[in-house]
Amino acid sequence: MMNPNADAVRTAEIQPAEALETPDLDLRTTGRARHFLRDREIYSERDDADHVFKVEAGVVRTYKLLRDGRRQVYAFHGPGSLFGLEIGKAYCLSAAAASDCSVISYERRQLERLAAQSERLSLELYLTVLRSLDRAQQHSLSLGRRSATEKLAIFLMNSTELPIVGTDILLAMSRKDIADHLGLTIETVSRTFSDLEERAFIEIKGARRVCLVDVAGLRELCA
């Protein structure tokens, strides 16, 4: 949730909004509103991918469970973001509410029919796939080659389009979610948050709020 009393509060590490609205098509009339409490599953890996979803409020995480019980969080999706768009017939990831959230579900076949009728909608769906590919490439680099400090710095800087000094970030997701997204342990995430605060890069204002204090320094860590 956005804090109405703060002008510079952002929700952390969410996907860019894909509008899914065109001048000639009002998709709001074709979808179904659904509400999920924190940690409630929206769909599971290998379920039939017969619906595509758009986040209206809150944050959704998409993730994969490994055979040994570990979890890799692929991405966090915030208001306006699209998820569940698959090439195959089944979902390759699972999706659950990272916070209390509202989503609109669209029948995949109906959305495909509408895309065939609308060049703009077809382009928006195509761009969504390209963004997902780019996100996967960047995240793969971070997981394989960056330190815990670099990973967390990138996570925080990616939380807003224009990082500026004094920007407050609301962490809708848990520390466990962040750890599983960055390929770290909860202890390492907590320790790295504390280290960044001690070095005056950030200020921790509560369990779920972080203020960016030294944006230039964070950019250097990201580089």
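The values are calculated or read from the model by the stated rules, or taken from the named source; none is laboratory data. Since the structure is predicted, the reported quantities are computational estimates derived from the model, not experimental observations. Don't worry about glycine lacking a Cβ; one is built from the backbone with ideal geometry, like all the others, and counts go over all protein chains shown.
Quick notes
- SER147 being loosely packed, with under 13 Cβ neighbours inside 10 Å, free of Cβ contacts under 8 Å to residues at least 60 places away in the same chain and under 27 Å from GLU41 (Cβ atoms): no
- Restricting attention to region 113-130, the residues that are surrounded by 15 or more Cβ atoms within 10 Å (Cβ to Cβ) and of a type outside the set (S, T, N, Q) total 5.
- Single residue of region 76-96 satisfying the filter (under 21 Å from HIS139 (Cβ atoms), at pLDDT 90 or above and among the hydrophobic types (A, V, I, L, M, F, W, C)) that is surrounded by the most Cβ atoms within 10 Å (Cβ to Cβ): PHE76
- Within region 97-111, considering residues that are in a helix (DSSP H, G or I) and in contact with a strand residue (DSSP E or B) (Cβ under 7 Å, 6 or more places away or on another chain), the one surrounded by the fewest Cβ atoms within 10 Å (Cβ to Cβ): ARG108
- Residue in region 193-213 that is modelled with pLDDT of 95 or more, among the aromatic types (Phe, Trp, Tyr) and not assigned by TED's automatic domain parsing to the domain that holds SER102 present: yes
- Looking across region 44-72 at every residue that is farther than 20 Å from SER102 by Cα and not charged (D, E, K, R), the one that is surrounded by the fewest Cβ atoms within 10 Å (Cβ to Cβ) is identified as GLY69.
- Sole residue being of a type in the set (S, T, N, Q) and under 20 Å from LEU85 (Cβ atoms), chosen from SER122, SER174, SER147, SER190: SER122
- Taken over region 180-189, the criterion of being surrounded by 15 or more Cβ atoms within 10 Å (Cβ to Cβ) and either more than 17 Å from LEU170 (Cβ to Cβ) or in the same structural domain as GLN138 (by TED's automatic domain parsing) (or both) is satisfied by ASP180, LEU182, GLY183, LEU184, THR188.
- Residue count for region 164-177, restricted to those that are without any contact (Cβ under 8 Å) to a residue 60 or more places away in the chain and either charged (D, E, K, R) or crowded, with 18+ Cβ neighbours inside 10 Å (or both): 2.
- The strands (runs of 3 or more DSSP E) found entirely in region 46-85 that carry 2 or more residues being of a type in the set (Phe, Trp, Tyr) are 71-77.
- Qualifying residue in region 108-122 (condition: touching a helix residue (DSSP H, G or I) at 6+ places or on another chain (Cβ under 6 Å) and free of Cβ contacts under 8 Å to residues at least 40 places away in the same chain): yes
- Boolean, ALA136 is in a strand (DSSP E or B), aliphatic (A, V, I, L, M), surrounded by fewer than 21 Cβ atoms within 10 Å (Cβ to Cβ) and within 14 Å of the chain's Cα centre (by Cα): no
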